[in-house]
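Here the structure is laid out as structure tokens; the discussion comes afterwards.
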Amino acid sequence: MPSFKIDTSTAVVFVATAPTPKLKNKRTGEIAVDSETGANMMTVGLLISDEGEGNLYQVSVPETGVPEGLTPGMPVSVVGLKARDWENTFNGETRHGIAFRAASVVAV
């Protein structure tokens, strides 16, 4: 599925929620793994504000791209942010949305 780059060069970005392990399976607690590097994946809530509009995004980031000590309210920059649409069927119910992924989050 194609992904699209998101330009955050003019945006102000803050940590909204601290990084947590991204679960592949909520029932078993299995943590998602980056298929390219094998690193565990983390989810970080980011508030991205640009051109007078702010939005909260849950962004998946490899654990190697998440520095220690990220806390809510901390200004950061996000490297390699991409979006892709997804659609899955769970128990006969079709769900869809947009997934966000970044190479890293950097404290500024």
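Key figures for this structure:
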{"item": "One residue from Gly45, Gly38 being closer than 25 Å to Glu87 by Cβ and small (Gly, Ala, Ser)", "result": "Gly45"}
{"item": "Qualifying residues in region 1-54 (those that are surrounded by 14 or more Cβ atoms within 10 Å (Cβ to Cβ) and part of a loop (DSSP other than H, G, I, E, B)) - the one nearest to the chain's Cα centre (by Cα)", "result": "Lys22"}
{"item": "Some residue of region 75-88 being out of contact with any Phe, Trp or Tyr (no Cβ under 7 Å at 6 or more places or on another chain), modelled with pLDDT under 95 and assigned to a loop (DSSP other than H, G, I, E, B)", "result": "no"}
{"item": "First in region 49-65 and within 14 Å of Gly80 (Cβ to Cβ) and hydrophobic (A, V, I, L, M, F, W, C), second anywhere and at pLDDT 95 or above and open to solvent by 50 Å² or more (accessible area, probe 1.4 Å), Cβ under 8 Å, 6 or more apart", "result": "Val59/Arg101; Val61/Arg101; Val61/Ala103"}
{"item": "Asp85 being charged (D, E, K, R), touching a residue at least 60 places away in the same chain (Cβ under 8 Å) and under 21 Å from Lys5 (Cβ atoms)", "result": "yes"}
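The values are calculated or read from the model by the stated rules, or taken from the named source; none is laboratory data. Note that this is a predicted model, so its numbers are computed, not measured. Cβ atoms come from the backbone with ideal geometry, glycine included; neighbour counts cover every protein chain shown. Remember, those area values only see protein heavy atoms, side chains included, never the ligands or the DNA or RNA. Shrake-Rupley method; radii C 1.70, N 1.55, O 1.52, S 1.80 Å.
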